[in-house]
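A.B. asks: For reference, the structure I am asking about is given below.
The values are calculated or read from the model by the stated rules, or taken from the named source; none is laboratory data. Since we're looking at a predicted model, the values are computed, not measured. So basically every Cβ, Gly included, is an ideal-geometry build from the backbone, and we count neighbours across all protein chains shown. The area values use the complete protein model at the heavy-atom level, side chains included, leaving out ligands, DNA and RNA. Shrake-Rupley method; radii C 1.70, N 1.55, O 1.52, S 1.80 Å.
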Amino acid sequence: MQITSFEQYEQDYKKSVENPEQFWGEVAQNFQWRKPWFKVLSWNFQDPEIKWFEGAKLNITENCLDRHLATNGDKPAIIWEPNNPEEESVTLTYKMLHERVCRFANVLKRNGAKKGDRICIYMPMVPELAIAVLACARIGAVHSVIFGGFSAKSIADRINDSQCKLVITADGAHRGSKQIPLKDVIDDALIGCPTVEKCIVLTHVRTPVSMLKGRDVWWEDEVKHVNDICEAEEMDAEDMLFILYTSGSTGKPKGVVHTCGGYMVYAGYTFSNVFNYQPGEVYFCTADIGWITGHSYIVYGPLSQGATSVLFEGIPTYPSPSRFWDIVEKHQVNTLYTAPTAIRSLMSFGEEPLHGKNLSSIRVLGSVGEPINEEAWHWFDEKIGHGKAPIVDTWWQTETGGIMISPIASVTQTKPSFATLPLPGVQPILVDENGNEIEGNGVSGNLCIKFPWPGMLRTTYGDHERCKQTYFSTYENLYFTGDGCLRDEDGYYRITGRVDDVLNVSGHRIGTAEVENAINMHAGVVESAVVGYPHDVKGQGIFAFVIYPEMHGEAELSKKDILQTVTRVIGAIAKPDKILFVSGLPKTRSGKIMRRILRKIAEGETTNLGDTSTLLDPAVVEEIIEAAKQM
Ligand code: 7RM
């Protein structure tokens with residue numbers, strides 16, 4: 001199933017469009033099924049209803065673990081690199097990982113978990129996180145991983161939305177020089193979560209935590225009570241595998257639902273092809289398992305292909321901005337998959353952190369999460385890849401489950417800042433506001449996908465109507481991505497960024513409405529409007545315009561308070577970079593905030609604000625501009 005030449009890519013692409021069922025049916029033969037499917041695909045985008053590999057039975061962990069045991073049991077599956085480089089790294093072979101997953105799966109059962117139950121995972125980047133994820137999949141429980149940076153309130157909202165019965169967490173996490181008290185945060189969250197019966201706590205940072213009698217148990221104690229034999233639950237291809245919450249243009253994150261069969265095939269196929277993974281190579285994806293990139297390209301994709309996946313607890317700049325390069329050298333990393341924000345941050349330290357580092361093991365580089373600017377692309381290419389490692393700029397989303405538009409390493413001719421061409425099975429189309437297809441090359445429009453692919457979301461948890469409204473109603477018969485896109489003269493795609501009210505801050509998706517809701521929870525705040533603006537390292541920064549009449553001249557203090565409120569309500573990742581206090585917001589006569597104007601002001605524009613004729617009170621704009629100039 002690995003594509004080795006551009007001619008083959010063209011042939012496979014053609015086949016995947018002309019006969020998708022045959023194409024994906026053949027790809028799926030590379031996986032292990034308990035029972036075959038009777039139909040590869042049935043679908044409609046109206047409801048929407050999407051079924052891949054109907055009738056087939058499988059367990060994804062048999063594909064990620066059991067099937068490698070006979071041939072590759074002693075091969076490293078996971079290499080864990082701790083936050084602190086003075087601590088030992090840990091290697092888990094496929095045999096060891098299989099054993100630990102089975103053992104922990106039995107712990108889950110012992111604590112009342114059954115097929116179909118939802119389980120919330122809030123953990124540091126340690127091997128036990130991957131073990132917890134796979135153990136859920138082993139018994140057919142649905143995992144909902146929440147990134148370790150989210151607040152108690154965000155966790156509670158997510159747990160309640162999916163009615164989780166169990167929580168898996170740790171005492172704390174290390175992040176650079178900081179410690180995050182995960183269990184304390186969970187304790188705050190669980191006050192408002194009546195469905196949670198048990199909480200399994202891993203010892204990691206060894207900070208004291210409180211354990212609630214009858215609810216909380218220690219991971220280390222539990223594993224002593226069970227053995228390491230756990231038959232995998234037989235799952236239907238369309239049974240739910242996991243839920244992952246992601247931000248959209250409303251204030252409430254959606255639980256994106258992925259299912260077992262299609263997701264497995266898509267994550268495995270795209271991993272193998274995009275990175276051109278070769279047996280024995282070491283692959284390092286720097287994302288957190290709390291995001292989709294970690295799900296698909298640290299855990300499921302690589303393990304389904306028998307790869308060796310590096311799992312890193314720390315951050316790129318701790319204890320120094322050499323950390324990534326030390327890891328590359330230490331573990332002889334062949335593929336490095338990271339985010340533009342990390343690249344830009346490391347660039348800012350100059351070349352000193354690279355001195356004396358041997359990066360010669362690197363064969364393939366990858367980028368994900370946001371548009372990569374040309375400067376960062378060239379730095380990555382020259383300084384890290386020494387001009388010899390292809391860069392795969394991979395465009396995809398939580399909802400797509402896996403990579404959609406991307407070069408195939410060593411096959412596709414790359415171009416700086418371009419995600420290049422759709423992978424086989426992916427049928428992108430550009431449309432104008434009215435949903436008319438924009439044909440030909442050298443054009444731009446809104447990016448949609450016109451045909452299903454196995455990794456696509458099936459629904460949004462508990463609210464199918466919302467899934468339909470968000471993704472399948474803007475344009476008839478199309479999946480709408482929310483991204484703007486250019487197709488150049490060569491037919492190459494370049495993603496230009498979101499066209500809805502979603503920000504991308506350091507590769508993290510954040511809805512403007514979510515941040516506004518959080519700010520508005522602060523006592524005294526009357527109203528707020530949040531927009532993005534270009535930021536050198538983060539890609540986008542968060543700019544908040546806030547009406548706060550009672551602050552009594554204490555602007556700096558008030559800003560601090562607001563930041564704290566946002567941290568409490570969402571998490572530190574959503575903290576505004578800039579706050580401007582204003583007495584009014586630019587609104588239309590119907591009361592809609594004109595964000596277009598605020599975006600211009602946030603960018604530093606003071607004169608060309610476009611059409612302001614529909615404004616209710618144009619004087620408000622003058623006042624905001626004056627205030628912005630004083631910042
Ligand atoms: C994988 C992931 C999705 C949004 C997406 C885009 C942006 C992601 C790229 C990109 C330009 C890329 N999932 N995005 N990858 N933009 N080039 N290679 O990030 O759900 O968290 O975010 O991220 O706007 O819609 S996500």
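A.B. asks: Within the stretch 323-358, can you find the residues that are in a loop (DSSP other than H, G, I, E, B), in contact with a strand residue (DSSP E or B) (Cβ under 9 Å, 6 or more places away or on another chain) and more than 16 Å from the ligand (Cβ to nearest atom)?
C.D. replies: Residues of the stretch 323-358 that are in a loop (DSSP other than H, G, I, E, B), as a first pass: 332-334, 339, 348-351, 355-358.
Narrowing the set further to residues that are in contact with a strand residue (DSSP E or B) (Cβ under 9 Å, 6 or more places away or on another chain) leaves 332-334, 339.
The answer is 332, 333, 334.
A.B. asks: Moving to a separate point now. Restricting attention to the stretch 325-356, which residues are free of Cβ contacts under 8 Å to residues at least 40 places away in the same chain and surrounded by fewer than 23 Cβ atoms within 10 Å (Cβ to Cβ)?
C.D. replies: Matches in the stretch 325-356: 329, 347, 349, 350, 351, 352, 353, 354, 355, 356.
A.B. asks: Can you give me the ranges of the strands (runs of 3 or more DSSP E) entirely in the stretch 48-107 with at least 2 residues that are under 24 Å from residue 240 (Cβ atoms) and in contact (Cβ under 8 Å) with a residue 12 or more places away in the chain? Spell out the reasoning first.
C.D. replies: Working: elements: 49-54, 76-81, 90-93.
Of the strands (runs of 3 or more DSSP E) lying wholly inside the stretch 48-107, those with at least 2 residues that are under 24 Å from residue 240 (Cβ atoms) and in contact (Cβ under 8 Å) with a residue 12 or more places away in the chain span 49-54.
A.B. asks: Tally the residues that are under 21 Å from residue 262 (Cβ atoms), open to solvent by 70 Å² or more (accessible area, probe 1.4 Å) and either in contact with a helix residue (DSSP H, G or I) (Cβ under 9 Å, 6 or more places away or on another chain) or not in a loop (DSSP other than H, G, I, E, B) (or both), restricting the search to the stretch 429-463.
C.D. replies: Summing the residues that are under 21 Å from residue 262 (Cβ atoms), open to solvent by 70 Å² or more (accessible area, probe 1.4 Å) and either in contact with a helix residue (DSSP H, G or I) (Cβ under 9 Å, 6 or more places away or on another chain) or not in a loop (DSSP other than H, G, I, E, B) (or both) in the stretch 429-463 gives 1.
A.B. asks: Counting residues that are away from the ligand (no atom under 16 Å from the Cβ), surrounded by fewer than 20 Cβ atoms within 10 Å (Cβ to Cβ) and modelled with pLDDT of 95 or more, which strands (runs of 3 or more DSSP E) fully inside the stretch 475-573 reach at least 1? Steps first, please.
C.D. replies: Values: elements: 479-487, 493-498, 502-505, 508-511, 527-535, 539-547.
Filter on the stretch 475-573 gives 527-535, 539-547.
A.B. asks: Looking at the stretch 432-455, can you tell me whether even one residue there is more than 13 Å from the ligand (Cβ to nearest atom) and within 19 Å of the chain's Cα centre (by Cα)? I'd like the intermediate steps shown before the answer.
C.D. replies: Filtering the stretch 432-455 for residues more than 13 Å from the ligand (Cβ to nearest atom) gives 432-445, 450-454.
Now restrict to residues that are within 19 Å of the chain's Cα centre (by Cα): 453-454.
Looking for residues that are more than 13 Å from the ligand (Cβ to nearest atom) and within 19 Å of the chain's Cα centre (by Cα), one finds at least one in the stretch 432-455, hence yes.
A.B. asks: Taking the stretch 365-406 as the region of interest, how many residues are more than 15 Å from the ligand (Cβ to nearest atom) and surrounded by 20 or more Cβ atoms within 10 Å (Cβ to Cβ)?
C.D. replies: 2
A.B. asks: Another question about this same structure. What number of residues in the stretch 74-121 are acidic (Asp, Glu), open to solvent by less than 30 Å² (accessible area, probe 1.4 Å) and over 27 Å from residue 255 (Cα atoms)? Break it down into steps so the answer makes sense when it comes.
C.D. replies: In the first step, residues of the stretch 74-121 are kept if they are acidic (Asp, Glu); the result is 74, 81, 86-88, 99, 117.
Imposing the further condition that a residue be open to solvent by less than 30 Å² (accessible area, probe 1.4 Å) reduces the set to 81, 117.
Narrowing further to those that are over 27 Å from residue 255 (Cα atoms): 81.
Of the residues in the stretch 74-121, 1 are acidic (Asp, Glu), open to solvent by less than 30 Å² (accessible area, probe 1.4 Å) and over 27 Å from residue 255 (Cα atoms).
A.B. asks: Something else now. Which residue, of 591, 584, is at positive phi and either at pLDDT 90 or above or not hydroxyl-bearing (Ser, Thr, Tyr) (or both)?
C.D. replies: Values: 584 fails: at positive phi.
Only one candidate passes the filter, namely 591.
A.B. asks: Considering the stretch 220-240 alone, what residues qualify as being farther than 17 Å from residue 112 by Cα and touching a Gly at 6+ places or on another chain (Cβ under 9 Å)?
C.D. replies: 234, 235, 236, 237, 238, 239, 240, listed by residue number.
A.B. asks: Would you be able to say whether some residue in the stretch 284-295 is over 25 Å from residue 173 (Cα atoms) and either without any contact (Cβ under 8 Å) to a residue 12 or more places away in the chain or among the aromatic types (Phe, Trp, Tyr) (or both)? Steps first, answer last, please.
C.D. replies: Of the stretch 284-295, the ones over 25 Å from residue 173 (Cα atoms) are none.
Checked the stretch 284-295: no residue is over 25 Å from residue 173 (Cα atoms) and either without any contact (Cβ under 8 Å) to a residue 12 or more places away in the chain or among the aromatic types (Phe, Trp, Tyr) (or both).
A.B. asks: Please state which one of 100, 110, 67, 138 is more than 18 Å from residue 302 (Cβ to Cβ) and of a type outside the set (Ser, Thr, Tyr).
C.D. replies: Details: 100 fails: more than 18 Å from residue 302 (Cβ to Cβ); 67 fails: more than 18 Å from residue 302 (Cβ to Cβ); 138 fails: more than 18 Å from residue 302 (Cβ to Cβ).
Just a single option satisfies the conditions, and that option is 110.
A.B. asks: Within the stretch 282-300, is there a residue that is more than 16 Å from the ligand (Cβ to nearest atom) and among the small types (Gly, Ala, Ser)? Steps first, please.
C.D. replies: The first filter runs over the stretch 282-300 and keeps only residues more than 16 Å from the ligand (Cβ to nearest atom), leaving 282-284.
After this cut, where a residue has to be among the small types (Gly, Ala, Ser) as well, the list is none.
No, because not a single residue in the stretch 282-300 is more than 16 Å from the ligand (Cβ to nearest atom) and among the small types (Gly, Ala, Ser).
A.B. asks: Continuing with this model, one more query. Please indicate, with yes or no, whether at least one residue in the stretch 175-188 is part of a helix (DSSP H, G or I), open to solvent by less than 10 Å² (accessible area, probe 1.4 Å) and out of contact with any helix residue (DSSP H, G or I) (no Cβ under 9 Å at 6 or more places or on another chain). Can you show your working first?
C.D. replies: Keep residues of the stretch 175-188 that are part of a helix (DSSP H, G or I), which gives 182-188.
Filter once more, keeping what is open to solvent by less than 10 Å² (accessible area, probe 1.4 Å): 182-183, 186.
In the following step, the residues that additionally are out of contact with any helix residue (DSSP H, G or I) (no Cβ under 9 Å at 6 or more places or on another chain) were identified as 182-183.
The answer is yes; a qualifying residue exists.
A.B. asks: Restricting to the stretch 120-131, name every residue that is farther than 22 Å from residue 464 by Cβ and either touching a residue at least 40 places away in the same chain (Cβ under 8 Å) or assigned to a loop (DSSP other than H, G, I, E, B) (or both).
C.D. replies: Taking the stretch 120-131 and keeping what is farther than 22 Å from residue 464 by Cβ, we get 121-131.
Within the stretch 120-131, 121, 122, 123, 124, 125, 126, 127, 128, 129, 130 meet the criteria.
A.B. asks: If you don't mind, there's one more thing I want to ask. Can you confirm whether the stretch 226-241 contains a residue that is closer than 24 Å to residue 480 by Cα, outside any helix (DSSP H, G or I) and open to solvent by less than 20 Å² (accessible area, probe 1.4 Å)?
C.D. replies: Yes, some residue in the stretch 226-241 is closer than 24 Å to residue 480 by Cα, outside any helix (DSSP H, G or I) and open to solvent by less than 20 Å² (accessible area, probe 1.4 Å).
A.B. asks: If you go through the stretch 385-444, how many residues are within 19 Å of residue 375 (Cβ to Cβ) and of a type in the set (Asp, Glu)?
C.D. replies: The qualifying residues number 1.
A.B. asks: Can you pull out every residue in the stretch 39-57 that is of a type in the set (A, V, I, L, M) and loosely packed, with under 15 Cβ neighbours inside 10 Å? Reasoning before the result, please.
C.D. replies: Here is the first cut: in the stretch 39-57, the ones of a type in the set (A, V, I, L, M) are 40-41, 50, 56.
Once the filter is applied, which keeps residues that are of a type in the set (A, V, I, L, M) and loosely packed, with under 15 Cβ neighbours inside 10 Å, the stretch 39-57 yields nothing.
A.B. asks: Residues in the stretch 218-267 that are under 20 Å from residue 150 (Cβ atoms), under 17 Å from the mean Cα position of the chain (by Cα) and not charged (D, E, K, R): how many?
C.D. replies: 13
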